[in-house]
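Colleague: Pasting in a structure now, in structure tokens, and then I'll have a few things to ask.
None of the figures in this text is laboratory data; all of them are computed from the coordinates on show. Worth saying up front: this structure is predicted, and the values here are computed from it rather than measured. Note that each Cβ is placed from the backbone with ideal geometry, even for glycine, and that neighbours are counted across all protein chains shown.
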């Protein structure tokens, strides 16, 4: 068991470069895509269904229910209604079964993710039934990573046991912070000690891969609070830990609470950069491996496979109201309006959007996947020499290093990873489009 000691001396001056960019900006998931006219969706979907599934694909199943609207979350869609949830499970299983009947044999899915919303709101038997249906109707690899995302409560151990028996291998729980006063101000039901207790019980009872999500940049969060969160999380014998920056998307309830002074102001970029560097150094000193810019692992069991592969551009089948997927050059969004989703005949895919992926989507996936893991290899550098002047500029700002024929992001570079990825993808793909137009 590897844990983080409470210490304020872990930050090195070069670990934080808060002035490197004016703001953190990520590449939008549909960047470069060309919308498809709605009149063409059905025909294109039929063609997609006839296309062989690529080996190494992914699948995502969306459970669109939440017990309440978390003030930091921009993804809330539907409150919990047991009757609607029961209809949704039936419709979702029918969707899986119908597409299986249309899909050609072959292909393989390496990782399946149940997200939301809150999948763990479903009763254990219902969620287990969904897992079993996914295993029956999807061509999952023998070692497929099957992740269930959720929230913690006194029934979590029972739910994890039922899902593990049905075939789930990995569980990711949104903790955000163990700081009880901050949790109370954010409207979380359980205090930090209760959450830690639920996780200890899970670890005692389950051999599944367990992951906790923490956030930095929360209102009123200081270095001591963040280090205390890490100290607690890393003594719970978890396999993985996500460390996400809070993103202040317009319209979030948290922003209205800050405006009304119900919450403290958000830390600025200098504080966020410093907190990230502090956390990364603390985790490394505790023996944790950094698998991506935001994900860490203790021991060898945690692979973070779905998250790594989706960022690298792998095809992903999508099921359930609000799910997003991509296959054979087409991106699509399943209808997010729950009533419309439930009313759609099972022989039709209830779409709300469809687009041709960017002609450069392979390049986008290569760059995004590599940078999320913190480096660009020699082959990618040779393929995109247009990037070298910008990379050299960022080396002077201590955001990256050139060594052994590759570029490695520093801790500061990893903090700015979304912005660096966005700029390099736009630079590389613009150059490719220009080169193609002149040939």
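Colleague: Considering the alpha-carbon set of segment 78-215 alone, what are its Rg and its Dmax in angstrom?
Modeller: Answer for segment 78-215, Rg first and Dmax second: 16.3, 54 Å.
Colleague: Would you compute the Debye intensity of segment 361-431 from its alpha-carbon atoms alone, equal scatterers and no solvent, and pass along log10 I(q)/I(0) at q = 0.21 Å⁻¹ to two decimals?
Modeller: -0.82
Colleague: Please report the antiparallel percentage of DSSP beta bridges with both residues in the chain, rounded to the nearest 5.
Modeller: DSSP beta bridges in the chain are roughly 40 percent antiparallel.
Colleague: Right, here's the next one. Rank these for me by crowding, 363, 147, 158, going from fewest to most other beta carbons within 10 Å.
Modeller: Details: 363 20, 147 24, 158 11.
Fewest-to-most ranking of 363, 147, 158: 158, 363, 147.
Colleague: Need one number: the % of Cα-Cα pairs in segment 292-385 sitting beyond the 19 Å mark. If you can, show how the numbers build up before the last one.
Modeller: Details: 2409 of 4371 pairs.
In whole percent, the long-distance tail amounts to 55.
Colleague: Would you please put 347-360, 96-109, 53-66, 285-298 in order of how densely packed they are, using the mean number of other Cβ atoms within 10 angstrom per residue and starting with the highest?
Modeller: Going from most to least packed, we get 53-66, 285-298, 347-360, 96-109.
Colleague: Show that you can apply the helix-only estimate: for the chain, add -39,500 (n - 2.57) for every DSSP H stretch of four or more residues, divide by all residues, and state [θ] at 222 nm to the nearest 500.
Modeller: -12500 deg cm²/dmol
Colleague: How many times 2.2 N^0.38 Å is the alpha carbon radius of gyration of segment 139-274?
Modeller: 1.15
Colleague: Oh, and also: Enter the per residue convex hull volume of the chain, computed from alpha-carbon coordinates, in Å³ rounded to the nearest integer. All intermediate terms of the calculation are to be shown ahead of the outcome.
Modeller: Working: hull volume 67.5 nm³, N = 439.
Spread over its residues, the Cα hull of the chain gives 154 Å³ apiece.
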